[in-house]
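Chemist: Take a look at the following structure, please.
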Amino acid sequence: GDVWHYPMSRIVVAARKYGLRPVDGPFGDIADPEGYKAQCNRGAVLGCEGKWAIHPSQVALANEVYSPSDAEVNQARRILEAMAQAQRDGLGAVSLDGKLIDIASIKQAEAIVMKSDTIASAGK
């Protein structure tokens, strides 16, 4: 198994408890881009929002893993629009594509859109 799984999951939980954004630490083998990307994926699955890049070659890989895809952003915007329409219609609950939209769905959608908007504004 992954010896870092448990400690990283604890770090993520502790960070979230105190309103902090967990970021995975460095990966020292700058000659192993696949290893770095695998570590990025592990961190993302556990809830990290980013990973240290100690070499310029690692920046694009981290951005690839931690940036929301166009499909994720589009779905998040659809969720937020469906909920906004439900509120305008006076509905307490709404579904999209046969799935209930709950507060967790809304918070995730807001986070995805905010991250996408932040990335877009940084590129200007």
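The values are calculated or read from the model by the stated rules, or taken from the named source; none is laboratory data. Bear in mind that the values here come from a model prediction, so they are computed numbers and not experimental data. Heads up, the Cβs are rebuilt from the backbone with ideal geometry, glycines too, and the neighbour counts pull from every protein chain shown. Only protein heavy atoms, including side chains, enter the accessible area calculation; ligands, DNA and RNA are left aside. Shrake-Rupley method; radii C 1.70, N 1.55, O 1.52, S 1.80 Å.
Chemist: Collect the residues in segment 1-26 that are without any contact (Cβ under 8 Å) to a residue 40 or more places away in the chain, charged (D, E, K, R) and assigned to a loop (DSSP other than H, G, I, E, B), keeping them in residue-number order.
Modeler: Listed by number, the list holds a single entry, ARG21.
Chemist: So which of ALA84, ALA109 is out of contact with any Asp or Glu (no Cβ under 7 Å at 6 or more places or on another chain), free of Cβ contacts under 8 Å to residues at least 24 places away in the same chain and under 26 Å from ALA120 (Cα atoms)?
Modeler: Selected residue: ALA84, the only one of ALA84, ALA109 that is out of contact with any Asp or Glu (no Cβ under 7 Å at 6 or more places or on another chain), free of Cβ contacts under 8 Å to residues at least 24 places away in the same chain and under 26 Å from ALA120 (Cα atoms).
Chemist: Within segment 85-104, how many residues turn out to be open to solvent by less than 70 Å² (accessible area, probe 1.4 Å) and either in a helix (DSSP H, G or I) or modelled with pLDDT of 95 or more (or both)?
Modeler: Number satisfying all stated conditions: 2.
So that you can scan it fast, the table gives a plain yes or no per residue for (1) within 18 Å of TRP4 (Cβ to Cβ); (2) touching a Phe, Trp or Tyr at 6+ places or on another chain (Cβ under 9 Å); (3) outside any loop (DSSP other than H, G, I, E, B); (4) open to solvent by 40 Å² or more (accessible area, probe 1.4 Å):
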{"site": "GLY28", "(1), (2), (3), (4)": "yes, no, no, yes"}
{"site": "ALA62", "(1), (2), (3), (4)": "yes, yes, yes, no"}
{"site": "PRO68", "(1), (2), (3), (4)": "no, no, no, no"}
{"site": "VAL73", "(1), (2), (3), (4)": "no, no, yes, no"}
{"site": "MET83", "(1), (2), (3), (4)": "no, no, yes, no"}
{"site": "ILE106", "(1), (2), (3), (4)": "no, no, yes, no"}
{"site": "VAL113", "(1), (2), (3), (4)": "no, no, yes, no"}
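Chemist: Among the residues of segment 40-60 satisfying the criterion of being touching a residue at least 24 places away in the same chain (Cβ under 8 Å) and in a helix (DSSP H, G or I), which is surrounded by the most Cβ atoms within 10 Å (Cβ to Cβ)?
Modeler: It comes out as GLY43.
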